[in-house]
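The values are calculated or read from the model by the stated rules, or taken from the named source; none is laboratory data. Quantities reported herein were computed from a predicted structural model and do not represent experimental measurements. Because the Cβ atoms are built from the backbone with ideal geometry, glycine has one as well, and the counts that use them run over all protein chains shown.
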Amino acid sequence: MINVQIKIHTKDKVNTKEKNYRRISKNISQKSKEKLTKDFIKIPKEKTYNANSWYFYQLFCVYYCNIKIFLWGEKLEFKHKPVMLEECIEGLKIKSDGIYVDGTLGGAGHSKEILKRLSKNGLLIGIDRDEDALKAAKENLKEFQNVKFVKDNHDNIKQILEDIGIEKVDGILLDLGVSSYQLDERNRGFSYLGENELDMRMDKSQELSAKNVVNEYPEEKLADIIYEYGEERFSRQIARNICEYRKEKEIHTTKQLVEIIEKSIPKSKQNDGHPAKRTFQAIRIEVNDEIKPLYNTVKDCIDCLNPQGRLCIITFHSLEDRAVKNAMLEAKGKCTCPPDLPYCVCGAESLGKVITRKPIVATKMEQEENSRSKSAKLRIFEKE
């Protein structure tokens, strides 16, 4: 039995006696963190709890680990645990003197392992549109000289390589979606936990933000986005309630949006994770234009590869995975002729082969250690 006394002053300070909170907090699943953090926010301003239960001890651990964010506004370090690191490195088949692109640099977890396998003649090009990510990556990779940093979107890979003066590369890695840092950094507005400004821009210099989408999009367009990108079956009701709410006042915080979403979904249907999860995903995809260019991006990446060069892409939801899968199948040259024809007449041209007939998923051990990896899928294509 764990006996912990927690005294909470939600706007001032937290005093407690606790042991090994860092070790235990790592073992809490993401789903538990979401629930516990959500519940914690509802706790009255000043109370004393005799936490003779695992629940309250977990609750304290989650809160304590995030206290700098929620109470004191201290900036987080850019930390992002790379998903399926070994599988990606193996999939790239790295040549020591090759040229490689990490199109989603982030905290440079994948990039660091690639650079360790490159000689002085090799080169890594790290691309990211997030300034915070680039700063963190430069710090993390400061020991390496054979790396170029580019602030841009991987959708522009052909132009990026042309500007650098490189025609073809030996491998490209894309780790799509949002990073752990972006979710945890309160000023970015990606998370549905807490009360933060609605933003969700990966590139903070762009004009369109989540605030614009929620307050300016017409109801029908908003409902379509939530349904298509979030696969949310209550999209119409959510969009209707958003539009009703904004008639009275502007929606400018994540908390306001979460409350609207929670009221839009019947309580009996709020049993599959946080009720705002799908809507937040949909708005983030719309703000950052993550899906529309993806199909063409995959084709551009394949065009930029040398013979036997490889493209590795990690996706985190079905829309991304479908676009990547279809683009790779087309590049493979899938024949669409009727099966009774003696030879191909559709003109299907093969650019290479799909290495992964089925996507690679994270091991059970990794899924337990990193909850973000549970939905990850890795697909690999090799250029002929």
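Odds and ends about this structure:
- Matching residues in region 93-152 - criterion: being part of a strand (DSSP E or B) and β-branched (V, I, T): I99, V101, I125, I127, V147, V150
- Scan of region 352-371 for residues that are surrounded by fewer than 20 Cβ atoms within 10 Å (Cβ to Cβ) and within 16 Å of D321 (Cα to Cα), ordered by number: V354, I355, T356, R357, K358, P359, I360, V361
- A residue that is small (G, A, S) and either at positive phi or in contact with a His (Cβ under 8 Å, 6 or more places away or on another chain) (or both) can be found somewhere in region 265-283.
- When region 262-283 is filtered for residues that are touching an Asp or Glu at 6+ places or on another chain (Cβ under 9 Å) and either within 14 Å of V178 (Cβ to Cβ) or in a helix (DSSP H, G or I) (or both), the ones remaining, listed by number, are K277, R278, T279, Q281, A282.
- For K168, the test of being among the basic types (K, R), in the same structural domain as L92 (by TED's automatic domain parsing), touching an Asp or Glu at 6+ places or on another chain (Cβ under 7 Å) and closer than 28 Å to M328 by Cβ is failed.
- The single residue among K75, K79 that is touching a Phe, Trp or Tyr at 6+ places or on another chain (Cβ under 9 Å), basic (K, R) and modelled with pLDDT under 95 turns out to be K79.
- Taken together, the residues in region 200-222 that are at negative phi and buried (at least 20 other Cβ atoms within 10 Å of the Cβ) amount to 7.
- Looking across E286, E320, E259, one residue alone is more than 20 Å from D175 (Cα to Cα), within 27 Å of the chain's Cα centre (by Cα) and part of a helix (DSSP H, G or I). It is E259.
- Note on region 193-238: among residues that are at pLDDT below 95 and polar (S, T, N, Q), the one that is nearest to L134 (Cα to Cα) is S205.
- Pairs, first touching a residue at least 40 places away in the same chain (Cβ under 8 Å) in region 205-219, second basic (K, R), C-beta under 6 Å, six or more apart: S209/R201
- Hey, K255 closer than 16 Å to K211 by Cβ and out of contact with any helix residue (DSSP H, G or I) (no Cβ under 7 Å at 6 or more places or on another chain) or not: yes
- Pick from region 223-252, criterion touching a helix residue (DSSP H, G or I) at 6+ places or on another chain (Cβ under 7 Å), assigned to a loop (DSSP other than H, G, I, E, B) and without any contact (Cβ under 8 Å) to a residue 40 or more places away in the chain, ranking: surrounded by the fewest Cβ atoms within 10 Å (Cβ to Cβ): E250
- For region 161-179, the criterion of being at pLDDT below 95, farther than 19 Å from L92 by Cβ and of a type in the set (S, T, N, Q) is satisfied by at least one residue.
- Candidates E349, E330, filtered to the one that is in the same structural domain as N153 (by TED's automatic domain parsing), part of a loop (DSSP other than H, G, I, E, B) and either more than 23 Å from the chain's Cα centre (by Cα) or in contact (Cβ under 8 Å) with a residue 40 or more places away in the chain (or both): E349
- Condition check for S191: small (G, A, S), surrounded by 21 or more Cβ atoms within 10 Å (Cβ to Cβ) and not in a helix (DSSP H, G or I): yes
- Residue within region 84-91 that is within 20 Å of S371 (Cα to Cα), at pLDDT 95 or above and not in a helix (DSSP H, G or I) present: yes
- Scanning region 301-319 for residues that are buried (at least 19 other Cβ atoms within 10 Å of the Cβ) and modelled with pLDDT of 95 or more turns up C301, I302, C304, L305, G309, R310, L311, C312, I313, I314, T315.
- Per-region count, region 352-384, residues among the polar types (S, T, N, Q) and outside any loop (DSSP other than H, G, I, E, B): 4
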